[in-house]
1. Out of all the residues in segment 225-263, which are free of Cβ contacts under 8 Å to residues at least 24 places away in the same chain and either part of a strand (DSSP E or B) or under 28 Å from the mean Cα position of the chain (by Cα) (or both)?
2. Name the single residue that is nearest to residue 183 (Cα to Cα) among those in segment 94-112 being touching a residue at least 60 places away in the same chain (Cβ under 8 Å) and in a loop (DSSP other than H, G, I, E, B).
3. Can you confirm whether segment 136-152 contains a residue that is at positive phi and free of Cβ contacts under 8 Å to residues at least 60 places away in the same chain?
4. Kindly evaluate residue 64 against the criterion of being part of a helix (DSSP H, G or I), under 23 Å from residue 178 (Cα atoms) and touching a helix residue (DSSP H, G or I) at 6+ places or on another chain (Cβ under 6 Å).
5. Would you point out which residue out of 30, 34, 57 is surrounded by fewer than 17 Cβ atoms within 10 Å (Cβ to Cβ) and closer than 22 Å to residue 13 by Cβ?
6. What about residue 269, is it touching a helix residue (DSSP H, G or I) at 6+ places or on another chain (Cβ under 8 Å), surrounded by fewer than 21 Cβ atoms within 10 Å (Cβ to Cβ), free of Cβ contacts under 8 Å to residues at least 60 places away in the same chain and on the phi > 0 side of the Ramachandran plot?
7. Got a number for residues in segment 283-304 being assigned to a strand (DSSP E or B), at pLDDT 95 or above and closer than 15 Å to residue 253 by Cβ?
8. Which of the residues spanning segment 21-42 are at pLDDT 95 or above, within 18 Å of residue 74 (Cα to Cα) and not in a helix (DSSP H, G or I)?
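The values are calculated or read from the model by the stated rules, or taken from the named source; none is laboratory data. All of these numbers come straight from a predicted model, not from anything done at the bench. Cβ atoms come from the backbone with ideal geometry, glycine included; neighbour counts cover every protein chain shown.
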């Protein structure tokens, strides 16, 4: 195995921060608030949003500029930094970091799962979809293999039955910050190899979000909690943004509008739809949709 730059055993003198999305903003702000010198931020390139030609900075770049921190889109700029007292902090960067970087600067990463379960792109989403009852946030050493480094600190977290991806990710983010600040302040005091079955958290696909009403209510609920789950009504895509399990028995896929509630039959009961979005229309309460949909005794959702 390639010899990597040694992890710090004392306070980091300077930090290079590597991350892109919204979840990576709070740790960056926390490091600055704790008095650390963030010398450089490496982040994803600006992207076009909407139909125009204008580009928009990502959340980490926006925060870094507000904090007057130098920003680069080229990770090779890490190699230009003096490695003395330098620590790399990686949060949701989305790309493998080359070995030459890890030999130049020690790097740690915040990962939002109970490693080695859910290594990879979508750890929070996969934990919810698979019905895990608990997860964790880990601070790990960045090594050549994705999310395979030693665990330097961790904190467990319960997954609640109503947790959305955003809500759970926010809670994990709050748990991560004191772990990160402690390591950056005092150096690494614990280093444990990952133990257990390695499970890969693939990106969430369209298939993962497609509701099959012959599934259990519990599984459909988990799909909805991921965001953008969908079914089809009269041949058009129909998003289900919020729903809850109920015990009322209905035929699979059948829609019942009763006492102001929209119920849909599943394998083992039904789902009450709370917030929905018909194709080409804004998100609305399910009861409002049902009143205008002219439902009949044979109205049903389909898988396609």
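1. The answer is 228, 229, 230, 256, 258, 263.
2. Start the filter on segment 94-112 by keeping residues that are touching a residue at least 60 places away in the same chain (Cβ under 8 Å), which leaves 94, 97, 99, 102-108, 110, 112.
When the remaining residues are screened for being in a loop (DSSP other than H, G, I, E, B), the result is 94, 97, 105-106, 112.
Details: 94: 22, 97: 21, 105: 15, 106: 12, 112: 17 Å.
For segment 94-112, the residue satisfying everything is 106.
3. First pass over segment 136-152, keeping only residues at positive phi: 147.
Next, from what is left, pick out any that are free of Cβ contacts under 8 Å to residues at least 60 places away in the same chain: 147.
Yes, some residue in segment 136-152 is at positive phi and free of Cβ contacts under 8 Å to residues at least 60 places away in the same chain.
4. On the way: part of a helix (DSSP H, G or I): yes; under 23 Å from residue 178 (Cα atoms): yes; touching a helix residue (DSSP H, G or I) at 6+ places or on another chain (Cβ under 6 Å): no.
Considered against the rule, which asks whether it is part of a helix (DSSP H, G or I), under 23 Å from residue 178 (Cα atoms) and touching a helix residue (DSSP H, G or I) at 6+ places or on another chain (Cβ under 6 Å), residue 64 comes out as no.
5. Working: 30 fails: surrounded by fewer than 17 Cβ atoms within 10 Å (Cβ to Cβ); 57 fails: closer than 22 Å to residue 13 by Cβ.
Step by step, each of 30, 34, 57 is checked, and only 34 is surrounded by fewer than 17 Cβ atoms within 10 Å (Cβ to Cβ) and closer than 22 Å to residue 13 by Cβ.
6. Numbers: touching a helix residue (DSSP H, G or I) at 6+ places or on another chain (Cβ under 8 Å): yes; surrounded by fewer than 21 Cβ atoms within 10 Å (Cβ to Cβ): yes; free of Cβ contacts under 8 Å to residues at least 60 places away in the same chain: yes; on the phi > 0 side of the Ramachandran plot: yes.
Against the criterion (touching a helix residue (DSSP H, G or I) at 6+ places or on another chain (Cβ under 8 Å), surrounded by fewer than 21 Cβ atoms within 10 Å (Cβ to Cβ), free of Cβ contacts under 8 Å to residues at least 60 places away in the same chain and on the phi > 0 side of the Ramachandran plot), residue 269 qualifies.
7. Restricting attention to segment 283-304, the residues satisfying the condition of being assigned to a strand (DSSP E or B) are 284-285, 300, 302.
Pick out the ones that are also at pLDDT 95 or above and you get 284-285, 300.
If we keep only those that are closer than 15 Å to residue 253 by Cβ as well, we get 300.
Qualifying residue count for the region: 1.
8. Those that are at pLDDT 95 or above, within 18 Å of residue 74 (Cα to Cα) and not in a helix (DSSP H, G or I): 38, 39, 40, 41, 42.
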